[in-house]
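The values are calculated or read from the model by the stated rules, or taken from the named source; none is laboratory data. Please read all numbers here as calculations on a predicted model, not as lab measurements. Using ideal geometry, Cβ is built from the backbone for each residue, glycine included, and neighbour counts are taken over all protein chains shown. These area figures cover heavy atoms from the full protein model, side chains too; ligands, DNA and RNA do not enter into them. Shrake-Rupley method; radii C 1.70, N 1.55, O 1.52, S 1.80 Å.
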Amino acid sequence: MNKYLIVFFISMVPLIELRGAIPYAVGFDLPIVPSILVALLGNMLPVPFIFLFARKILNWGQDKKMIGGFCRWCIEKGEKGGRKLETKAGVGLYMALLLFVGIPLPGTGAWTGTLAASLLDLNFRKSIIYILLGLLLAAAIMLAASLGVFGAISLVK
């Protein structure tokens, strides 16, 4: 049970998300299906809050002395991600959101994708669905990569 809590909390961490939680679960030989479900739940839990409140909090905080730099950095990162999505997507903006969240590259994921969707004023419900689909894609990619790496390591033993 404790290892599932670790999977859950790892998947909630920005920039790490389920991309770090799934390799952890595979590395500790946890059952795959429950691990993926726990990682998805942990990664999706902050998404509605980010969508609904992050923009307001970041705008409020960008001129504050202690947190202004961080808030401005987050806004710039979200706007940059949003512009990249808009430029590449055209009419397929939600599919681009899915791919942005789903392809495990540095700086992409549910946190950044959700912030971009919020800053672009995308539809809440559609954004949540496509972010979840993106996380399913990321989970599949990370599971395949993790099984390959850990499978190779087990052959060396």
If each K or R counts +1 and each D or E counts -1, the residues other than Pro104 whose Cβ falls under 10 Å of its Cβ total 0
Lys and Arg at +1, Asp and Glu at -1: neighbours of Gly78 with Cβ under 15 Å from its Cβ sum to +3
Using helices alone, I'd like the mean residue ellipticity at 222 nm for the chain: each DSSP H run of four-plus residues gives -39500 (n - 2.57), total over residue count, nearest 500.
-24500 deg cm²/dmol
Using the C-alpha atoms of the chain, what convex hull volume per residue, in cubic angstrom, is computed?
120
Relative contact order as a percentage, the chain, C-alpha pairs under 8 Å and 6+ apart, gives 26
Show me the ranking of peptides 139-148, 56-65, 5-14 by mean Cβ neighbours inside 10 Å, starting with the highest.
5-14, 139-148, 56-65
Using only the alpha-carbon atoms of segment 1-87, report the extent along each of the three principal axes, biggest first, to the nearest angstrom.
46, 33, 20
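Before anything else, pin down the relative contact order of segment 1-55: Cα pairs under 8 Å, at least 6 apart, normalised by residue count, whole percent. Before the final figure, lay out the partial values.
Values: 58 pairs, mean separation 21.1, N = 55.
Once divided by the residue count of segment 1-55, the mean separation gives 38 percent.
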With a 1.4 Å probe and all protein chains in place, put Phe100, Phe70 in order of accessible area, largest first.
Phe70, Phe100
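What is the sum of charges around Gly61, taking Lys and Arg as +1, Asp and Glu as -1, for the other residues whose C-beta is under 13 Å from the C-beta of Gly61? Don't skip to the answer; put the middle values down first.
Details: positive: Arg55, Lys56, Lys64, Lys65, Arg72; negative: Asp63.
Neighbourhood net charge equals +4.
Please tell me which of these pairs span more than 27 angstrom C-alpha to C-alpha: Lys3/Lys77; Lys56/Lys126; Lys77/Lys126; Lys3/Lys65?
Numbers: Lys3/Lys77 32 Å; Lys56/Lys126 20 Å; Lys77/Lys126 22 Å; Lys3/Lys65 39 Å.
Table pairs above 27 Å Cα-Cα are Lys3/Lys77; Lys3/Lys65.
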Please identify the helices of the chain, taking whole runs of DSSP H, that span at least 30 Å along their own axis as judged from the Cα atoms and have a mean Kyte-Doolittle score of 1.0 or higher.
124-156
In debye to the nearest 20, the charge dipole size for the chain, taken about the Cα centre with +1 at each Lys and Arg Cβ and -1 at each Asp and Glu Cβ, equals 260
Which Rg and Dmax, in Å, describe the Cα atoms of segment 1-45?
8.7, 24
